[in-house]
Amino acid sequence: MSYTISQAARVTDCPAVTIRYYERVGILPEPRRGANGYRRYEEDDIQRLEFVVRARALGFSLADVTDLLELADHPHRPCDAVDRKVGEQLAAVRRRIERLSELATRLQRLQAACDGDHEIDQCGILAALASGWERKPQ
């Protein structure tokens, strides 16, 4: 079975504009064209696109996805490079979680600077943002 770009987009939950972009940057090969000039995607194209979509959902960069695809294209190699790539991504996710946790704490402190019963010119949040400091709850 072959798919049009709109069908491929629907099946993979990847917008057509993104599919075209992936083709332009070389993550996906140029698809074959029908007699009408429209792109036609085969099952292997759909599987590759689904791989890309899943990897991107896990936060891998396009460069990482390219590396993973290269590794996947050589199934008889040892998987230590894949394991390393996933370990790096996991470490990056943990760093982001730590930064987001710190951000949440700062926002909670900032929110505590306002009780919502004042007019805007008395808003502790805006005053704290304007002065560059976070007011700690009293």
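Quick one: would you say residue 60 is of a type in the set (A, V, I, L, M, F, W, C), in a loop (DSSP other than H, G, I, E, B), modelled with pLDDT of 85 or more and surrounded by 15 or more Cβ atoms within 10 Å (Cβ to Cβ)? The answer is yes for residue 60. Just one residue in the set 14, 79 is closer than 30 Å to residue 97 by Cα and more than 15 Å from the chain's Cα centre (by Cα); that residue is 79. No other residue among 33, 39 is among the basic types (Lys, Arg) and touching a helix residue (DSSP H, G or I) at 6+ places or on another chain (Cβ under 9 Å) apart from 39.
Residue count for segment 1-23 satisfying the condition of being touching a Leu at 6+ places or on another chain (Cβ under 7 Å) and β-branched (Val, Ile, Thr): 2. Contact map, segment 92-121: first residue outside any helix (DSSP H, G or I), second residue among the charged types (D, E, K, R) and modelled with pLDDT under 90, Cβ cut-off under 9 Å, separation 6 or more or different chains; pairs are 113/134; 113/135; 113/136; 114/135. Scanning segment 25-51 for residues that are in a loop (DSSP other than H, G, I, E, B), surrounded by fewer than 17 Cβ atoms within 10 Å (Cβ to Cβ) and of a type outside the set (Phe, Trp, Tyr) returns 25, 26, 29, 30, 34, 35, 36, 37, 42. I need a count of the residues in segment 1-24 that are surrounded by 11 or more Cβ atoms within 10 Å (Cβ to Cβ) and in a loop (DSSP other than H, G, I, E, B). Residues that pass the stated criteria total 4. Find all pairs meeting these conditions: Cβ atoms under 8 angstrom apart; at least six residues apart or on different chains; first residue within segment 18-34 and within 15 Å of residue 63 (Cβ to Cβ); second residue surrounded by fewer than 19 Cβ atoms within 10 Å (Cβ to Cβ) and modelled with pLDDT of 90 or more. Close Cβ pairs (under 8 Å, with a partner that is surrounded by fewer than 19 Cβ atoms within 10 Å (Cβ to Cβ) and modelled with pLDDT of 90 or more) amount to 25/62; 26/66; 27/62; 27/66; 27/69. Which of the residues belonging to segment 19-40 are of a type in the set (Phe, Trp, Tyr) and modelled with pLDDT of 95 or more? Selection gives 21, 22.
The values are calculated or read from the model by the stated rules, or taken from the named source; none is laboratory data. Model, not experiment: these values are computed from the prediction. All Cβ positions, even for glycine, are placed from backbone atoms using ideal geometry, and neighbour counts span all protein chains on display.
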